[in-house]
Amino acid sequence: MQTLSGKKILLGISGGIAAYKCAELTRRLSERGAQVQVVMTKAAKEFITPLTMQAVSGRPVSDSLLDPAAEASMGHIELAKWADLVLLAPATADLIARTSAGMGNDLLTTLLLATEAPIAIAPAMNQQMYRNIATQENLSTLRRRGMLIWGPASGEQACGDVGLGRMLEPMDLVARCEQYFQPKALQGKSILITAGPTQEAIDPVRYISNHSSGKMGYALANVAQKMGARVTLVSGPVALTPPQGVETLSVKSAEEMLDVVMANVTQHDIFIGCAAVADYKPANIAEQKIKKMAGHEVMNITMVKNPDIIATVAKLDEGRPFTVGFAAETQDVESYAKGKLANKNLDMICANDVSDTTIGFNSNDNAITLYWPDGSLPLGTASKSALAHEILSEIQQQLEKNAVK
Ligand code: C5P
């Protein structure tokens, strides 16, 4: 079946032994209707010839940034714009490092800087090189920037070692591409999500915060991305890995979260305020560590109100997104949630009862009821991922209803 019909895939090959599998990968992508443009690094050509790749892709291979003839046919910027997806396979430790550093010292890395297409990376290297902290940090950086990391797989390696570092098999990469291009409910939509707690500094070493784990917001970001949305996650300090394919912006305080949200939110269709933003912050942050003083049994910290991020978003005159809030309550859940929906001028609120400590904060499960101005939907108790799916599906339906109004 032509599952990739018309899709333009820029296949970036770097110099690893798994490069020999790229001929097979290209054949299988083309068979499914994809147009594959191969770009090779200098080292890649030591492992598989451009002639082979040209024969299987049906297009001349691009490999030089400074080749006048190549620039005259399809220049590097044009090539960057052409792609619907950039797939780096195999992506060596070196290519990953150069991408992470934002280098543009050959055609492939220059294209990565110039493209707006999503970038998927299939790491392939010796298991020790993969485990190396430098490689791991580079991959984390790329993940945080929203790049997709596909693999690696574990098993026997060309060098004889056994472990993580094998490139995913061509058919597994084809399946990832197919999954990526599947028509999805939130395709074409962009969502900004806040998650986690905020930290409000008292002095250089202390802060006031709360127990939010960020799991609900991260689940929403993860599922929204899988449903086809472009997702930006603005996250307070949490111990979670940024979701694949999601641009994650880290903040600490409510003020910082407000600044980052306001700088980005008008470019999004949907805003979900899932963060447990501290309501108050210390009025003054001591410049030096506050010392314990003999005879002082009580210490007072004067607190002032933090800005209400979601209410600020919902008040926007121009570029206001569909705005969804959360209400974590320990009593009278429905009336407090409906009150917040109205007072903050929200389009929808996800109410959860946090009096039951087996669900809610820090747990993997949650119990949520959705309220909007003229309706409600109890979602019951489920995993945060399952709830994220239901919440996003309901948001999508509300958006569709609003569009026909
Ligand atoms: O008023 P309350 O904190 O209970 O409201 C919860 C909702 O408001 C959540 O969606 C939360 O992310 C958002 N909120 C905010 N800024 C604040 C306080 C809460 O965006 N300062």
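Checked against the criteria, residue 33 counts as part of a loop (DSSP other than H, G, I, E, B) and over 22 Å from residue 15 (Cβ atoms).
Counting just the residues of the range 224-241 that are open to solvent by 30 Å² or more (accessible area, probe 1.4 Å) and either in contact with a helix residue (DSSP H, G or I) (Cβ under 8 Å, 6 or more places away or on another chain) or not assigned by TED's automatic domain parsing to the domain that holds residue 211 (or both), which one comes out nearest to residue 307 (Cα to Cα)?
Applying the filter and picking the extreme gives 238.
Restricted to the range 256-276, and to residues there that are part of a loop (DSSP other than H, G, I, E, B) and surrounded by fewer than 23 Cβ atoms within 10 Å (Cβ to Cβ), the residue that is farthest from the ligand (Cβ to nearest atom) is 269.
Can you pull out every residue in the range 183-217 that is open to solvent by 10 Å² or more (accessible area, probe 1.4 Å) and within 12 Å of the ligand (Cβ to nearest atom)? Within the range 183-217, 210, 212, 216 qualify.
Please pick out the residue among 44, 34 that is at pLDDT 95 or above and under 28 Å from residue 157 (Cβ atoms).
Working: 34 fails: under 28 Å from residue 157 (Cβ atoms).
Within the list 44, 34, the selection yields 44.
Restricting attention to the range 291-306, the residues that are surrounded by fewer than 14 Cβ atoms within 10 Å (Cβ to Cβ), assigned to a loop (DSSP other than H, G, I, E, B) and modelled with pLDDT of 95 or more total 1.
What's the total number of residues in the range 87-131 that are surrounded by fewer than 18 Cβ atoms within 10 Å (Cβ to Cβ), among the charged types (D, E, K, R) and free of Cβ contacts under 8 Å to residues at least 60 places away in the same chain? So the answer is 2. If you go through the range 1-32 and keep only what is of a type in the set (A, V, I, L, M), closer than 16 Å to residue 48 by Cβ and in contact (Cβ under 8 Å) with a residue 60 or more places away in the chain, you end up with 11, 13, 17, 18, 19, 25, 29.
Filter the range 321-341 down to the residues that are open to solvent by less than 90 Å² (accessible area, probe 1.4 Å) and without any contact (Cβ under 8 Å) to a residue 24 or more places away in the chain, then identify the one that is nearest to the chain's Cα centre (by Cα). Ranking the candidates gives 340 first. Applying the condition of being touching a residue at least 60 places away in the same chain (Cβ under 8 Å) and within 27 Å of residue 217 (Cα to Cα) to the range 277-302 and asking which residue is nearest to the ligand (Cβ to nearest atom) yields 277. Output the residue which, of all residues in the range 342-352 that are open to solvent by 60 Å² or more (accessible area, probe 1.4 Å) and on the phi < 0 side of the Ramachandran plot, is nearest to the ligand (Cβ to nearest atom). Taking the candidates together, the pick is 343. Of everything in the range 307-326 that's under 16 Å from residue 343 (Cβ atoms) and either in a loop (DSSP other than H, G, I, E, B) or at pLDDT below 95 (or both), which residue is farthest from the ligand (Cβ to nearest atom)? Restricting to residues being under 16 Å from residue 343 (Cβ atoms) and either in a loop (DSSP other than H, G, I, E, B) or at pLDDT below 95 (or both), the top hit is 315.
The values are calculated or read from the model by the stated rules, or taken from the named source; none is laboratory data. Keep in mind it's a predicted model, so treat the numbers as computed, not measured. FYI the Cβ positions are ideal-geometry reconstructions off the backbone, even for glycines, and counts take in every protein chain you see. Just the protein is used for accessible areas: all its heavy atoms, side chains included, with ligands, DNA and RNA removed. Shrake-Rupley method; radii C 1.70, N 1.55, O 1.52, S 1.80 Å.
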